[in-house]
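A.B. asks: This is the structure, below, for whatever I ask next.
The values are calculated or read from the model by the stated rules, or taken from the named source; none is laboratory data. All figures in this text were calculated on a predicted structure; none of them were measured in a lab. In this analysis, Cβ positions are derived from the backbone assuming ideal geometry, glycine residues included, and neighbour counts consider all displayed protein chains.
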Amino acid sequence: MAVILAALILVNLGTLLMAYPETMVIDSGCCSTTPSLAKDFSAFYTGAWRLLHDPSQVYTKGYVDDGEYQILPQPEQYKYLPSFLLLTVPLLALPYQSALTTFDVVQFLLLPGVALLLYQLLRQKGKATLIVVSVLVLLLPLPIPGSHLSVSAAYYWQWAEGQSKVLETFLFLLSFYLGSIRRPKSSGVVFALTSFDPRIAVLALPLFAAYNKGRWDSYLIAALAFVAFNVPLLYPPMASGFLGMVATSGVITPPYYYTLIPSVALVLLIILQRREIAALARRYLGAAAGSSAA
């Protein structure tokens, strides 16, 4: 099994190497009709700088002449919760292009961790299941005919855009694993940190509940940690910027290829854990019905 997992990661390394030149190109990216766009990582890098130096502008679209590093033609708009910026602030110690490359490399180095967590979560499901899930999560074969996107368009654009989906997948799996070994508080903290993209967090919530066996302390810690990680939103100008972003570009942002990386992992786990999720739902419904009857 270790040989298969290692082979999948090595193939993904080939995709990373193929995507590396694209990280330095200003073009339309994976799916836009706009001819000149900065990479998605520009939103993270600029957002982290603004969080420290000009928090009222974190969600402002485009370049702000406040001392930030100028990324041509302009940085992409930041669209996650502030909690994600806690993970990207250390990258400000590096120049922009070096920071993007480092972010990609660090996430690639998390892939063995993703493989190990999948093994721990699925080892009782059988070898065939583990192989199929590992191929779909670690490689996600989705080539586009006639294109240069190698084996996986999802991973190609993950690396080319400096996206965060491998980190997101790793942290969700880590949260589930901690829940499975009865570490509900640690599981809750990690889940809260990983919920910087609420759309994906909603999909992950049934798995968080199932792997934690419905322990209320895991929910409580996750809620408290979520609030703590996003305290910057209590600053009114930042909150206003966040709500404005959600009401405009946030709602119309479609899923892109790299969104499949955490989404496929979560959907597969939901299918495999469907009995546990259903049992937990029945338990809650039964408790609610009993409470109403009383």
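A.B. asks: Considering only residues of the stretch 220-237 that are out of contact with any helix residue (DSSP H, G or I) (no Cβ under 7 Å at 6 or more places or on another chain) and not β-branched (Val, Ile, Thr), which is nearest to residue 255 (Cα to Cα)?
C.D. replies: Let us first name the residues in the stretch 220-237 that are out of contact with any helix residue (DSSP H, G or I) (no Cβ under 7 Å at 6 or more places or on another chain), namely 220, 223-224, 227-228, 231, 234, 236.
When the remaining residues are screened for being not β-branched (Val, Ile, Thr), the result is 220, 223-224, 228, 234, 236.
Working: 220: 30, 223: 26, 224: 29, 228: 28, 234: 28, 236: 29 Å.
For the stretch 220-237, the residue satisfying everything is 223.
To keep it simple, each residue is scored yes or no on (1) β-branched (Val, Ile, Thr); (2) at pLDDT below 95.
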site: 22; (1), (2): no, yes
site: 26; (1), (2): yes, yes
site: 59; (1), (2): no, no
site: 63; (1), (2): no, yes
site: 84; (1), (2): no, no
site: 89; (1), (2): yes, no
site: 97; (1), (2): no, no
site: 104; (1), (2): no, no
site: 115; (1), (2): no, no
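A.B. asks: Quick one: count up the residues across the stretch 28-47 that are modelled with pLDDT of 95 or more and more than 16 Å from residue 104 (Cβ to Cβ).
C.D. replies: 2
A.B. asks: Looking at this structure, is residue 42 out of contact with any helix residue (DSSP H, G or I) (no Cβ under 7 Å at 6 or more places or on another chain), buried (at least 19 other Cβ atoms within 10 Å of the Cβ) and in contact (Cβ under 8 Å) with a residue 12 or more places away in the chain?
C.D. replies: Values: out of contact with any helix residue (DSSP H, G or I) (no Cβ under 7 Å at 6 or more places or on another chain): yes; buried (at least 19 other Cβ atoms within 10 Å of the Cβ): yes; in contact (Cβ under 8 Å) with a residue 12 or more places away in the chain: yes.
When the stated conditions are applied, residue 42 passes them.
A.B. asks: Name every residue in the stretch 158-177 that is buried (at least 24 other Cβ atoms within 10 Å of the Cβ), in contact (Cβ under 8 Å) with a residue 60 or more places away in the chain and under 14 Å from the mean Cα position of the chain (by Cα), in order of residue number.
C.D. replies: If the condition is that a residue be buried (at least 24 other Cβ atoms within 10 Å of the Cβ), in contact (Cβ under 8 Å) with a residue 60 or more places away in the chain and under 14 Å from the mean Cα position of the chain (by Cα), then 158, 159, 161, 162, 163, 164, 165, 166, 168, 169, 172, 173 are the ones that fit.
A.B. asks: Which condition breaks for residue 16 when tested against (1) out of contact with any strand residue (DSSP E or B) (no Cβ under 6 Å at 6 or more places or on another chain); (2) on the phi > 0 side of the Ramachandran plot; (3) not polar (S, T, N, Q)?
C.D. replies: (2)
A.B. asks: Looking only at residues that are assigned to a helix (DSSP H, G or I) and under 19 Å from the mean Cα position of the chain (by Cα) in the stretch 122-145, which one is surrounded by the fewest Cβ atoms within 10 Å (Cβ to Cβ)?
C.D. replies: 135
A.B. asks: For the stretch 58-79, which residues satisfy the criterion of being buried (at least 20 other Cβ atoms within 10 Å of the Cβ) and touching an Asp or Glu at 6+ places or on another chain (Cβ under 7 Å)?
C.D. replies: The one that is buried (at least 20 other Cβ atoms within 10 Å of the Cβ) and touching an Asp or Glu at 6+ places or on another chain (Cβ under 7 Å): 76.
A.B. asks: Among the listed residues 197, 217, which satisfies the condition of being acidic (Asp, Glu), closer than 30 Å to residue 284 by Cα and either more than 19 Å from the chain's Cα centre (by Cα) or crowded, with 22+ Cβ neighbours inside 10 Å (or both)?
C.D. replies: Sole residue among the options that is acidic (Asp, Glu), closer than 30 Å to residue 284 by Cα and either more than 19 Å from the chain's Cα centre (by Cα) or crowded, with 22+ Cβ neighbours inside 10 Å (or both): 217.
A.B. asks: I would also like to ask the following. Out of 94, 116, I need the residue that is surrounded by 13 or more Cβ atoms within 10 Å (Cβ to Cβ), without any contact (Cβ under 8 Å) to a residue 12 or more places away in the chain and under 28 Å from residue 49 (Cα atoms). Which one?
C.D. replies: Result: 94 is the single residue among 94, 116 that is surrounded by 13 or more Cβ atoms within 10 Å (Cβ to Cβ), without any contact (Cβ under 8 Å) to a residue 12 or more places away in the chain and under 28 Å from residue 49 (Cα atoms).
A.B. asks: So, one more: Would you mention how many residues in the stretch 244-278 are among the aliphatic types (A, V, I, L, M), loosely packed, with under 13 Cβ neighbours inside 10 Å and modelled with pLDDT of 85 or more?
C.D. replies: Going through the stretch 244-278 one residue at a time, the tally reaches 3.
A.B. asks: Got a number for residues in the stretch 240-271 being farther than 21 Å from residue 156 by Cβ and polar (S, T, N, Q)?
C.D. replies: The total comes to 3.
A.B. asks: List pairs: first in the stretch 214-232 and on the phi > 0 side of the Ramachandran plot, second surrounded by fewer than 17 Cβ atoms within 10 Å (Cβ to Cβ), Cβ under 9 Å, 6+ apart or cross-chain?
C.D. replies: As it stands, the answer is 214/283; 214/284, since those pairs meet every condition given.
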